[in-house]
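First comes the structure, then the notes that go with it.
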Amino acid sequence: MSEQRRATLIGTGLIGGSVGLALRARGWWVSGTDVTPGLVDRAIDAGACDAEGLDADSDLVVVATPVGAVVDESRRALEVSPRAVVTDVGGVKATIVSAIDDPRFVGGHPMAGSEELGVVGARADLFEGAAWVLCPGPRTADASFAMVRQVVASFGAQVLTLSPVDHDRGVAVVSHVPHLTAAALVQVTGDHSSDHAALLRLAAGGFGDMTRIAAGSPAIWPGVCDQNRDAIVEVLDQLGDELRSIRSLIAERDGDALLELLTEAQHVRRNLPTRPSAVGPHSEVRVLVEDRPGSVKAVATLATDLDVNLAGVNTFDLDGKARGMLVLRVLTSDAERFGRSLLDAGFRAFVQTEDET
C-alpha cells in the first residue's frame, strides 16, 4: 500500500479551501496555515484541512495568499519543506516566477472562483472544467512541473502552459479588465439609484450577468492591479477607445455603422474558443525527450500554443539512459497535427491510435 501523500495550504480561503477539499477527496492528508486567526479552524470544520501548520514532510505546498505575499510564503515553504514541490494560485505570474528561482517552484493560476467569500464558499468540484494555467520558470524541474500538472488535472481542470508574460497579458484581457469594468458599471448604477428608486429592480438579466464578478472579494485586486499594471492600463486604454467609438456612433445617429459593429461583436463572441473537450476517441503521442531541464515544459507549452488538450501525461525512463519517453493522450482529431508540430520543433515523436495501443 502506497504511503499517503501530504500537502500544505498556505491560505485557507475560497481557492485554498477548494484545493484542500479536492486533495482530501483524492486521499491526501492536508494541513493549513493562515495569517488570520481562526481561519484554519474553519477550514478544518469545512473538511478542507486535517490539521493546522506547515508540514515539513509535505509533498506539495499550495500558496493561496494575495499576490503580494506569494514570494515570501513560497520561499518559506521551500525552506521548511525540503522535499515539497511548491505552487501558487496568484492571478499575476511574471513578478512571482522571476523572483522564485528554484527547481521546486511551479507558478500556477486556476481560472475559477465564486461569488461566495472565504472557505464557506469552497467546493471540491470548483476546478472541474476550469482552465488552470501553469507558468514554469527557467529553472523549474520537469519532475516538479509534471507533479503539479498531474495533481491539478486530477481535479478535472483543463491545464494550459504559458510563459509568465503571456499569462499576464492574457488575463489582463479576460479577467482583470472585465472585473474592473464590472465594478465601474456597478458604480454607475449606484450613482443613479438615488435618483431612480426603481432602477435597482431593473438591475437583472444582462446587467446581472455582466456585473456578477464584481461581487467577488475586492481584497485581492489592489495587489493584482499593481503587479500587472502595464498590461491592465494598456487594455483599459483599448477598451476606452472602443467605448468612445460607440459613443460617437450613437451621438451621430449612425445606426448602420452601429449595427455593423454590434454584428461583428456578435460574430466574434459566438466564435470564441470554448474549453477543450475530452470527448471522443483518443490517441497516444509518444515523445522521446532528453534528460535536460525544460523538455517536458516545452512539449506542454507547444500543446497549449496549438490548443491541444493533454488528457493524460506519463513519463518513463528508458533503460537508465539520459533520455525518457513522454506518453501523451490527446484527441485523435488533434494527434497528427500535434505530432507533426513536435517533429517540426525538433522532437522525436510518433502517434498511436487507440486501436493500436
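Every number in this text was worked out from the coordinates using simple rules, so none of it is lab data. Keep in mind it's a predicted model, so treat the numbers as computed, not measured. Neighbour counts run over all protein chains shown; Cβ positions are idealised from the backbone, glycine included.
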Exercise for review: With springs connecting C-alpha atoms under 10 Å apart, model the chain as a Gaussian network and identify which of A251, A300, A182 has the largest mean-square fluctuation.
Suggested key: A251
Revision key, fill the gap. For W132, the residues 5 or more places away or on another chain with a placed amide H closer than 5 Å to its own amide H are M111, Q158, V159, L160
Study note, to complete from the structure: Quotient of Cα radius of gyration and Kirkwood radius for region 51-105, i.e. Rg/Rh, equals 0.94
Revision key, fill the gap. Rounded to whole angstrom, the alpha-carbon centroid of region 54-81 lies from that of region 82-133 at a distance of 12
Exercise for review: Would you work out the charge dipole size for the chain about its Cα centre, treating the Cβ of every Lys and Arg as +1 and the Cβ of every Asp and Glu as -1, and quote it to the nearest 20 debye?
Suggested key: 420
Point to revise | Percent antiparallel among DSSP beta bridges (both partners in the chain, rounded to 5) | key: 55
Check your understanding: Near V177, within a Cβ-to-Cβ distance under 14 Å, what is the net charge of the other residues, with Lys and Arg +1 and Asp and Glu -1?
Key -> -4
Exercise for review: With unit charges on the beta carbon (Lys/Arg positive, Asp/Glu negative), name the residue among A94, L302, V327 whose Cα is farthest towards the positive pole of the charge dipole of the chain.
Suggested key: V327
Revision key, fill the gap. Phi-derived 3J(HN,Hα) across region 90-107 with the Karplus relation (6.51, -1.76, 1.60, θ = phi - 60°), rounded Hz, x for Gly and Pro, is x, x, 10, 10, 4, 5, 6, 5, 5, 8, 10, 9, 9, x, 9, 10, 10, x
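When N counts the residues of region 167-270, how does its alpha-carbon radius of gyration compare numerically with 2.2 N^0.38 Å, as a ratio? Before the final figure, lay out the partial values.
Values: Rg = 15.8 Å, N = 104, 2.2 N^0.38 = 12.8 Å.
For region 167-270, the normalised Cα radius of gyration comes out at 1.23.
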Practice item. Any chance you could check the Cα centroid distance between region 7-22 and region 215-284 for me, in angstrom? Key: 31
Exercise for review: Measure nothing but the geometry: give the 0 to 90° angle between the long axis through the Cα atoms of 67-80 and the longest principal axis through the Cα atoms of the chain, rounded to 10°.
Suggested key: 20
Review point. What ranking, highest mean first, results for peptides 12-20, 340-348 when packing means the other Cβ atoms within 10 Å averaged over each residue?
Key: 12-20, 340-348
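Return the ratio Rg/(2.2 N^0.38 Å) for the chain, where Rg is computed over Cα atoms only. Intermediate values should be presented prior to the final figure.
Values: Rg = 22.6 Å, N = 357, 2.2 N^0.38 = 20.5 Å.
This ratio for the chain stands at 1.10.
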Practice item. Considering only R212, R269, R337, give the residue with the highest GNM mean-square fluctuation for the chain, with springs between Cα atoms whenever their separation is below 10 Å. Key: R269
Exercise for review: Work through the residues other than A25 whose Cβ is under 14 Å from its Cβ and net out their charges, Lys, Arg +1 and Asp, Glu -1.
Suggested key: +1
